[in-house]
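One structure is given below, encoded as structure tokens.
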Amino acid sequence: MLDKIWIGAHTSAAGGLQNALYEGREIGATAIQLFTRNQKQWQGKPIQPEEVALWEKALAETGIGEVMSHDSYLINLGSPNEEMLEKSRKAFREEIERCHALKIDYMNFHPGAATGSSEEACLEKIVESLLGVEGLAAEGKTKLLLEATAGQGSSVGHRFEHLAFILERVGKRVPLGVCIDTCHIFAAGYDIRTEESWLEVLGEFDRLVGLKHLCAFHLNDSCKDLGSRVDRHAPLGEGKIGMEAFRFVMTHPKTRALPKYLETPDGPPLWKKEIAQLKIFAEKKG
């Protein structure tokens with residue numbers, strides 16, 4: 001008997017958080033990612049009891065699990081600017097609080113960007129920011145996931161060494177793991193186009209970070225070339241990565257059971273087709 005495959009997409013919470021779950025059901029998802037608030041604004045309201053009730057009703061009706069929140073793109077936990085850092089830390093705490101209210105499994109976040117400081121200083125500031133939520137993080141079930149980045153601009157997290165640096169200093173005090181975005185790591189220079197190259201990348205990740213810390217995937221093809229450090233998503237199999245990479249993650253024993261979330265362009269009509277294809281890959285392996 002096949003184990004459950006956790007596969008979905010970043011669905012819309014427009015009109016109510018519960019709608020992200022219902023949209024997930026419509027596209028055949030077993031897992032979803034969502035924004036718990038407007039990701040383009042600093043201010044976000046706490047989750048109200050009536051929202052929790054509607055959310056829990058939708059969870060029961062849809063059977064969706066392995067839910068992941070994606071925090072605001074505005075947040076920069078490594079900013080050298082004190083005002084920006086304070087706003088980012090406040091928004092980060094508020095996102096954790098919303099995740100706890102909804103009992104969300106994972107909270108995905110981009111580590112941060114140096115914006116004028118050194119990579120080393122940025123990483124140290126991220127560590128400081130994460131240690132600052134140690135008490136809050138322990139209050140709920142949500143695990144915080146560092147997202148591997150493409151390395152655009154001054155962002156950190158595009159090298160496995162960056163992720164390892166943060167995990168080594170924070171992981172024993174804060175529930176922390178990693179989410180690999182396939183487009184991001186490809187753009188950052190990790191070749192995942194074939195089974196052979198994927199195995200090399202997983203081996204390097206295991207050596208530097210540890211596969212035990214790998215908790216989830218964002219599945220996206222890339223419009224841009226290997227090592228471009230430009231983050232532009234493409235439909236699966238239609239970009240520079242190719243479909244073999246996604247067949248691999250759906251079948252390899254180290255990655256098959258991990259939750260996976262599509263962020264490919266074109267929305268639900270495409271996601272429905274991609275989810276169906278990914279499920280076929282997983283079933284053939286089984």
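Sort out which residues of the stretch 86-129 are touching a Pro at 6+ places or on another chain (Cβ under 9 Å) and of a type in the set (A, V, I, L, M), and write them in order of number.
Residues satisfying the conditions are A101, A114, A121, L123, I126.
For the stretch 201-222, which residues satisfy the criterion of being outside any strand (DSSP E or B), of a type in the set (A, V, I, L, M, F, W, C) and in contact (Cβ under 8 Å) with a residue 40 or more places away in the chain? First the steps, then the outcome.
In the first step, residues of the stretch 201-222 are kept if they are outside any strand (DSSP E or B); the result is 201-213, 220.
If we keep only those that are of a type in the set (A, V, I, L, M, F, W, C) too, we end up with 201-202, 205, 208-209, 211.
Selection gives L202, F205, L208, V209, L211.
Which residue is surrounded by the fewest Cβ atoms within 10 Å (Cβ to Cβ), if the candidates are limited to the stretch 105-130 and must be touching a Lys or Arg at 6+ places or on another chain (Cβ under 8 Å) and hydroxyl-bearing (S, T, Y)?
Keep residues of the stretch 105-130 that are touching a Lys or Arg at 6+ places or on another chain (Cβ under 8 Å), which gives 105-107, 112, 117, 127, 129.
Next, only the ones that are hydroxyl-bearing (S, T, Y) stay: 106, 117, 129.
On the way: Y106: 24, S117: 17, S129: 23.
That would be S117.
I need every pair where a residue in the stretch 65-87 that is at positive phi has its Cβ under 7 Å from the Cβ of a residue that is not in a loop (DSSP other than H, G, I, E, B), sequence separation at least 6 or different chains.
E66/A31
Mind counting the residues in the stretch 64-84 that are surrounded by fewer than 13 Cβ atoms within 10 Å (Cβ to Cβ) and either closer than 17 Å to A14 by Cα or under 21 Å from the mean Cα position of the chain (by Cα) (or both)?
So in the stretch 64-84, the residues surrounded by fewer than 13 Cβ atoms within 10 Å (Cβ to Cβ) come out as 73, 82-83.
With either closer than 17 Å to A14 by Cα or under 21 Å from the mean Cα position of the chain (by Cα) (or both) added as a condition, the list becomes 73.
Residues in the stretch 64-84 being surrounded by fewer than 13 Cβ atoms within 10 Å (Cβ to Cβ) and either closer than 17 Å to A14 by Cα or under 21 Å from the mean Cα position of the chain (by Cα) (or both): 1 in total.
Mind listing just one residue for me: the one in the stretch 131-155 that is in contact with a Phe, Trp or Tyr (Cβ under 9 Å, 6 or more places away or on another chain) and outside any loop (DSSP other than H, G, I, E, B) and, of those, surrounded by the most Cβ atoms within 10 Å (Cβ to Cβ)?
Once the filter is applied, the top-ranked residue is L146.
Tally time: how many residues in the stretch 1-24 are more than 16 Å from C99 (Cβ to Cβ) and in a strand (DSSP E or B)?
Residues that pass the stated criteria total 3.
I'd like to verify a number: residues in the stretch 25-51 that are in a helix (DSSP H, G or I) and either closer than 25 Å to F92 by Cα or of a type in the set (K, R) (or both), how many?
Keep residues of the stretch 25-51 that are in a helix (DSSP H, G or I), which gives 25-26, 49-51.
Next, from what is left, pick out any that are either closer than 25 Å to F92 by Cα or of a type in the set (K, R) (or both): 25, 49-51.
The number of residues fulfilling the criteria is 4.
No lab work stands behind these numbers, since they all come straight from the coordinates. Every value quoted in this text rests on a predicted model; they were computed, and no experiment measured them. No Cβ is skipped: glycine too gets one built from the backbone with ideal geometry, and neighbour counts run over all protein chains shown.
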